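Quick note: the coordinates plus some simple rules give every number you see, no bench work behind them. Nothing here was measured: the structure is a model prediction, and the numbers come from that model. Using ideal geometry, Cβ is built from the backbone for each residue, glycine included, and neighbour counts are taken over all protein chains shown.
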């Protein structure tokens, strides 16, 4: 079991095959609501047994996409194939797909066991088999001893597990999860993330997971589809999304970033800010542009007192910026520094707490970073679309 | 004036409004306020209620207001507004649906009802006098009493007209559809015969207990105020076992809808209602009115002044005002019932009012009309009515 | 002490109920054990007996009672049959932006006086009324419409007068079930009908019960609709009670009849509830699932 889990937790999807049971293929999906385009020509191939997340801010079309797979909405254009068969026009109850809803949608007038049995009863499962499957589904989510309670008598986390059991007991080839952890508190949510991942690995069912929480997506998914205005902005595994974002939008949406704007230098290899800071990337990216922006993650930046750096002969020229420390904040596992490095320009720096340098506000500091941690993007790709807010200045 | 009212009544398309008005108004059919609410405090009709504040009218200046509590739509609005224009007091009208409602309201208020003029039916007047609900009239202030026909003064319930003056009176007969009943009907016995033959299942009777036992007693020459057990038993046997199966409705106002809409072939009806129904019928010649014979009833509503009336001067002035010949004619034109004024018949003829044979009756005819009384047999009569309705509905 | 303000909030409601419901009903019960003392007296309670109940249970009362019960049950069932799909459609299928308008339309009859709208139907259904004329002119009928003063006319009037009372609670109930539970049901493989009968309807049950009671109870006491449209066929117990209070002025007998009416309404409601419970028992038995929870504790 553990071996399987590690296998499917790796970035590469299991053996592909778009006709195999559990495969979901979306082709050129378009969905409009009274003229407003919610999903705009979306195409996606989901491998059987894959854990894929649709990640994006609210209104990006991720829930609409999920609802089209489930059958609650019909696409205006495009095709949906599940396990190799087009399901266009098919109602939800004819699709071998089950959903775990955001607010669980447990039937309040039925007991936990009856909720879980509901799907099996609809498929006229013989009574003895039904009892067995309900019992084992509840055991799977550790809710066996709550079988006779009503949903109202359960906590949020318990309801979540029942909703999961109710979906899984039908042995769907694809399980759709619509922000299922959104209503849970943080600790419970992290616990459930692990459990969900293990469960998925154990059952080998395709999971399509919709979330706006990047942490959730990064920690659980084989692949993540970052969505923006009804289209997929980038589809990749977690480390690619994080380390090599395809756009400023993705870079800004996943994790924290420092964006610095300036003129393109070194034939597209670097950006120089108005205050003279040069950010040089590991590879050429901005050929043909005169202006651009560079992104550096706070945790990729090192910080030290300026005089200490000077004694080591380090001075701000390339991938380095000297400035004044504005503030320090303790964030548990990390320390966060806010450094002013020029006219109305600040840099956020984050270091692991055990190795964080002892500094105090007002200290002159030098920030440095490695070229492979610099991402360059054209200027017209606004990270603000993904919710990026420049750090405060003095 | 006269011409202006008649065409409106003949307009069939506008028929619903007057029908509804009539249905809602006169007499106690459909006591809307419900059993408990209406009857209110009649229980308090007990000795001791006799002392009332004396607010005698002495012929002083008129008060600024006048409040009249009467049957709905029972006075010509032109008369009311002319009174205010000429003499000053502003009139407030309020209406009741039954004598019981009137009495209970006066009893509950114990002389503080605020009503000045009330219009009880004759048979209820002794009970009201006994309980101190009415105040004596100052006949010096009503010189126009001289215009009243002596035949309609000095009735049994108030022999000296100390408390009341006739406002309007009516009688009971029937109307039949000449296209369905081709022979001539003249008496209650003819009515009974036709009801069991050509008009079976198309006959309506008044929804009023005393009118039903009355029908039997009038036809058979028995005093309709009899309390004799044998008479009552015979009436019950006839009404419940013989007549009821042929009756299709208990309708107190066939003039409202049944005559204009041609619902029934034979209907027991009050004279004023019959007149309105025939006038409103698209084919008036189809209907024949017959005064009940050899005997029938007479009921009389009366002007009276409530004990403790706040505006006794204005109340006397109003009664006197209404009794002028011109105003009596206007009243007859509007309500379609004889008001008891001298020479009113010739005045109405001169004015060209239609169908006066349903309003005015010869003295020989009037001699066949008898007043009802509230007797110990009341309970029994109601019981017979209920039984007849149950039998007709079975 | 801290709970006092909360109790104070309920005082007006309790006082209202006490004064305007409990007290009158108590008085009616009290009167029902008395008698009518004389022509002008309405009731006396110096000698108490059950005699008025014996009087009230005459064959007349029973015959009228059967008719009342028939109108009450048939009218309620008809309102339910028509109101259920209408309310479902309004709450579930109709575009949300139109729901306010639809609710207002349902309420339209209530803007007119109860008696006026009933008499309106009398005018329409008469043999020479416009329904008759219209049906004859389009050839759907030979001869005048013979429907006024029949039970059909009574049911038409009842549905018209009482349907809003059925639709409004049903609408609220269906609306509150919410579409996510219906989606969950379909997601789990249930079709439209299965979803309706296993999820929507059971959850809307309070609304169904409210609607049935709101129609049935006033309908049992209403004699206007039945009398105006049913004529002799619309003889109702309510009128029997009213005639005792108003015309016969026998409050004791009227009260006994009123109490009997209340008892029969309660008995009918109880019988209906038991009947529904029994009829749906096999269904519920099939769906019930009790797992032995002890087995799991290990």
Distance in nm between pseudo-label sites at residue A:344 and residue C:15 (7 Å out along the Cβ direction from Cα): 6.7 nm
To one decimal place, what Kirkwood hydrodynamic radius in Å is obtained for segment A:219-278 from all pairs of distinct Cα atoms? 13.1 Å
What value, in deg cm²/dmol to 500, does the helix sum -39500 (n - 2.57) over DSSP H runs of n ≥ 4 give at 222 nm once divided by the residues of chain B? -10500 deg cm²/dmol
For segment C:16-273, with equal point scatterers placed on the C-alpha atoms only and solvent neglected, what are the log10 I(q)/I(0) values from the Debye formula at q = 0.11, 0.16 1/Å, to two decimals? -0.76, -1.19
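Normalized C-alpha radius of gyration of segment C:94-233, against 2.2 N^0.38 Å? Mind showing how you got there, number by number?
Numbers: Rg = 19.3 Å, N = 140, 2.2 N^0.38 = 14.4 Å.
Computed over Cα atoms of segment C:94-233, the ratio equals 1.34.
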Quotient of C-alpha Rg and 2.2 N^0.38 Å, computed over segment C:74-166: 1.26
Residue among B:181, B:305, B:319 with the largest mean-square fluctuation in a Gaussian network model of chain B, springs linking Cα atoms under 10 Å: B:181
Principal-axis tilt of helix A:127-140 within chain A, Cα atoms, nearest 10 degrees: 20 degrees
Within a Gaussian network of chain A (alpha carbon springs, distance under 10 Å), most fluctuating of A:31, A:142, A:62: A:142
With n ≥ 4 as the cut-off for DSSP H runs, can you work out [θ] at 222 nm for chain A, using -39500 (n - 2.57) per run divided by the number of residues, rounded to the nearest 500? -7000 deg cm²/dmol
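Could you estimate the translational diffusion coefficient of the protein assembly as shown from the Stokes-Einstein equation, with Rh from the Kirkwood formula over C-alpha pairs, at 20 °C and 1.002 mPa s, in whole µm²/s?
Details: Rh = 37.0 Å.
Calculated translational D: 58 µm²/s.
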Any chance you could list P(r) for chain A, counting all Cα-Cα pairs in 20 angstrom bins from zero, rounded to whole %? 25, 47, 24, 4, 0
Sorted largest first, the C-alpha extents of segment B:174-230 along its principal axes in whole angstrom are 39, 21, 16
Find, to one decimal place in angstroms, the Kirkwood hydrodynamic radius of segment A:21-75, where the mean of 1/r is taken over every pair of different Cα atoms and then inverted. 11.8 Å
Between the modelled labels at residue B:93 and residue B:112 (7 Å from Cα along Cα→Cβ) the distance in nm is 2.9 nm
Based on the alpha carbon coordinates of segment B:143-247, what radius of gyration and maximum Cα-Cα distance (Dmax) apply, in Å? 17.9, 54
Approximate spin-label separation residue A:393-residue C:8, in nm, with each point projected 7 Å along Cα-to-Cβ: 5.9 nm
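Rounded to the nearest 0.05, what FRET efficiency is calculated for residue B:189 and residue B:367 with R0 set to 30 Å and r the Cβ-Cβ distance? Please report the intermediate quantities before stating the final value.
Values: r = 19 Å, r/R0 = 0.64.
The pair residue B:189/residue B:367 has a calculated efficiency of 0.95.
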Distance histogram in 10 Å bins (all Cα pairs of segment C:207-258, percent per bin): 25, 40, 29, 6, 0
Please report, in whole Å, how far the alpha carbons of segment B:133-184 spread along each principal axis, starting with the longest. 54, 26, 15
Run the paramagnetic zone check for residue C:133: 7 angstrom along Cα to Cβ, then residues of segment B:247-281 with backbone nitrogen under 16 Å. B:257-263, B:280-281
Just check segment C:1-158 against the gyration tensor rule for me: Cα atoms, a ≥ b ≥ c as the square roots of the eigenvalues, rounded for a/c under 1.5, and otherwise prolate or oblate depending on whether a/b exceeds b/c. oblate
Taking just the alpha-carbon atoms of segment C:211-298, what radius of gyration and Dmax come out, in angstrom? 22.0, 77
Here D for segment A:256-383, in µm²/s, from Stokes-Einstein with a Kirkwood Rh over Cα pairs at 10 °C and 1.306 mPa s, works out to 108 µm²/s
0 to 90° range, to nearest 10: angle between helix B:77-87 axis and chain B longest Cα axis: 10 degrees
Report the extension gain between residue C:62 and residue C:192 in nm, rounded to one decimal, defined as 0.36 nm multiplied by the number of residues separating them, less their alpha carbon distance. 42.4 nm
Arrange B:299, A:369, C:14, C:30 by Cβ neighbour counts within 10 Å, fewest through most, would you? C:14, C:30, B:299, A:369
Let me make sure I get this right: for segment B:72-227, a, b and c are the square roots of the gyration tensor eigenvalues over alpha carbons, sorted descending. Under 1.5 in a/c it's rounded, otherwise prolate if a/b > b/c, else oblate. Which is it? prolate
Computed E for residue B:242/residue C:141 - FRET, C-beta separation, R0 41 angstrom, nearest 0.05: 0.80
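Can you tell me the mean projection area, over all orientations, of the convex hull of segment A:61-197's alpha carbons? Units nm², please. Write down the numbers at each step before the final one.
Details: hull surface 35.8 nm².
Taking a quarter of the hull surface, the average projection is 8.9 nm².
If r is the Cβ-Cβ distance from residue A:190 to residue A:155 and R0 is 22 Å, what FRET efficiency results, to the nearest 0.05? Walk me through the numbers on the way to the answer.
Details: r = 16 Å, r/R0 = 0.73.
Result of the calculation: an efficiency of 0.85.
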Residues of segment A:178-211 with backbone nitrogen within less than 17 Å of a virtual label 7 Å along the Cα-to-Cβ line of residue A:96, please, listed as ranges. A:203-208
Taking the Cα atoms of chain B alone, what are Rg (to one decimal) and Dmax (as a whole number) in Å? 20.9, 64
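Quote to one decimal, in nm, the extra length available between residue C:278 and residue C:54 on full extension: 0.36 nm per residue of separation minus the C-alpha distance between them. Walk me through the numbers before you get to the answer.
Numbers: separation 224, 0.36 × 224 = 80.64 nm, distance 3.34 nm.
Answer, rounded to one decimal: 77.3 nm.
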Test of understanding: extend the Cα→C-beta vector of residue A:20 to 7 Å, then name every residue of segment A:190-220 with backbone N under 13 Å from that spot. A:204-206
Starting at 0 and stepping by 5 Å, how many percent of the alpha carbon pairs of segment C:12-87 end up in each bin? 3, 12, 11, 12, 13, 15, 16, 9, 4, 3, 1
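For segment B:305-394, report the translational diffusion coefficient in µm²/s to the nearest whole number, using Stokes-Einstein at 4 °C, 1.567 mPa s, and a Kirkwood Rh over Cα pairs. Can you show the working numbers first?
Details: Rh = 17.0 Å.
In µm²/s, the coefficient is 76.
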